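Written below as structure tokens is the structure these notes are about.
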Amino acid sequence: SCQSRQQVTAPISTIDSTLQTNTTAILESKLSEINAQSGQVIVMEVQTGQIKALVGLTKKDSTNYQPCENFSIWQSTGLMHPISLLAALETGKVKLSDKVDTGNGIYQVQGRELKDHNWHRGGYGEITAQEGLAASSNIAIYKTMEKAFGDNPQTFFDLLANMSYGKPDSINGIASLQPYKITEKNITWNCIGYEQLISPIQVLTFYNAIANNGKMIQPQLYKDSVVVINPQIASRASIDSLKKALVFNVTDGLGQPAKSDKVLVAGMQGTSSLSTNEDSTKDMYAVEFCGYFPTDNPKYSIIVSINKTGLPASGGLMAGDVFRKIIVNLKQN
């Protein structure tokens with residue numbers, strides 16, 4: 001008769017309702033301002049992986065946005081540069097102070113043109129790898145990769161797997177999340193975020209691991225014990241170098257719109273084309289910003305990902321601005 005009764009308790013959500021409401025308002029305001037199609041913001045606690053805000057909005061009609069649950073959206077990303085740089089640093093063949101010649105902003109690779117966003121202004125010329133990251137230079141990243149992996153591109157893909165890039169494959173509470181996928185194995189385009197499919201929460205999981213000194217944590221929507229995906233994605237020396245570069249990007253680079261006067265921020269902006277239209281007015285772009293704060297002892301990591309049609313499209317100016325406003329909000333609470 002001494003049967004122990006199993007107590008079934010309802011899972012407790014990690015979402016902070018005030019932050020969720022405020023983040024929704026901040027995102028909706030920006031989507032309206034830039035006439036975007038859709039957007040999402042995820043705010044996560046660095047140490048625990050607990051998701052404090054999970055906001056998705058999509059255009060309902062010309063003026064209104066409605067909540068959208070599609071957090072498993074799968075697309076290329078403009079936030080790959082730091083991840084590729086981390087892999088390159090791990091080889092020991094490159095460092096942030098290495099000089100890279102980006103020329104006039106157009107570089108011929110395998111019969112295709114690799115361009116920097118300022119190519120029509122003559123490019124960046126010779127810069128350091130760290131400056132290349134802060135300028136979102138595709139050519140600087142590619143040439144750094146060439147130096148690190150030129151003789152064996154497969155090593156790059158092996159390192160990405162060792163670093164658990166694209167994890168997790170599933171998250172309780174997020175429907176139909178798919179495993180990260182490389183659509184074509186080509187280091188030239190993979191290293192800048194193309195020819196791969198990944199969801200924003202998987203990108204955030206990687207950036208959160210950088211904030212967490214290399215420890216990758218499973219994101220969670222229901223309060224549970226912390227699950228470690230990878231105890232150390234890369235060496236502390238490489239992680240520390242990249243963290244320094246991500247701070248520099250916000251203080252001196254194209255990440256400046258995310259800069260807060262309340263707290264020191266680290267992060268990266270990105271813009272990627274999602275369509276193959278020749279007509280750039282109809283082109284769909286993903287504008288993104290992902291980062292964490294405070295830089296000395298990170299508490300939160302945040303990703304802002306917005307899809308919009310046509311130019312202008314700027315990860316720093318558009319998504320970075322949303323990131324900054326959310327930080328102000330978090331600091332006030």
Lone unmet requirement of (1) at pLDDT 95 or above; (2) touching a helix residue (DSSP H, G or I) at 6+ places or on another chain (Cβ under 9 Å); (3) not in a strand (DSSP E or B) for residue 53: (3)
Residue 311 being open to solvent by 60 Å² or more (accessible area, probe 1.4 Å), modelled with pLDDT of 95 or more and not in a helix (DSSP H, G or I): no
Flag if residue 60 is open to solvent by 10 Å² or more (accessible area, probe 1.4 Å) and touching a Gly at 6+ places or on another chain (Cβ under 7 Å): no
Set 244, 215, 181: member being without any contact (Cβ under 8 Å) to a residue 40 or more places away in the chain and of a type in the set (Lys, Arg): 215
Flag if residue 275 is open to solvent by 10 Å² or more (accessible area, probe 1.4 Å), out of contact with any helix residue (DSSP H, G or I) (no Cβ under 9 Å at 6 or more places or on another chain), free of Cβ contacts under 8 Å to residues at least 60 places away in the same chain and under 25 Å from residue 168 (Cα atoms): no
Members of the range 26-45 found to be part of a helix (DSSP H, G or I), within 21 Å of residue 16 (Cβ to Cβ) and not charged (D, E, K, R), listed by number: 26, 27, 29
Hits in the range 17-27 (condition: touching a residue at least 60 places away in the same chain (Cβ under 8 Å) and more than 12 Å from residue 325 (Cα to Cα)): 18
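Would it be correct to say that residue 195 is closer than 20 Å to residue 155 by Cβ, open to solvent by less than 50 Å² (accessible area, probe 1.4 Å) and of a type in the set (D, E, K, R)?
Considered against the rule, which asks whether it is closer than 20 Å to residue 155 by Cβ, open to solvent by less than 50 Å² (accessible area, probe 1.4 Å) and of a type in the set (D, E, K, R), residue 195 comes out as yes.
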Which numbered condition residue 107 fails, given (1) outside any loop (DSSP other than H, G, I, E, B); (2) touching a Ser or Thr at 6+ places or on another chain (Cβ under 9 Å); (3) without any contact (Cβ under 8 Å) to a residue 40 or more places away in the chain; (4) surrounded by fewer than 23 Cβ atoms within 10 Å (Cβ to Cβ): (2)
Identity of the residue in the range 100-127, of a type in the set (D, E, K, R) and under 27 Å from residue 157 (Cβ atoms), that ends up modelled with the highest pLDDT: 101
Test set (1) touching an Asp or Glu at 6+ places or on another chain (Cβ under 6 Å); (2) not in a loop (DSSP other than H, G, I, E, B) - residue 204 fails condition number: (1)
Close pairs (6 angstrom Cβ cut-off, 6 or more residues apart or separate chains): farther than 10 Å from residue 71 by Cα in the range 30-42, open to solvent by 10 Å² or more (accessible area, probe 1.4 Å) and in a helix (DSSP H, G or I) anywhere: 34/318
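The rows are residues; the columns are (1) modelled with pLDDT under 95; (2) over 30 Å from residue 126 (Cβ atoms); (3) among the small types (Gly, Ala, Ser).
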site	(1), (2), (3)
40	no, yes, no
45	no, yes, no
48	no, yes, no
69	yes, yes, no
80	no, no, no
83	no, no, no
98	no, no, no
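The values are calculated or read from the model by the stated rules, or taken from the named source; none is laboratory data. Source: prediction; values computed, not measured. Note: ideal-geometry Cβ built from the backbone for every residue, glycine included; neighbour counts use all protein chains shown. In case anyone asks, the SASA skips ligands and DNA or RNA and just uses the protein heavy atoms, side chains included. Shrake-Rupley method; radii C 1.70, N 1.55, O 1.52, S 1.80 Å.
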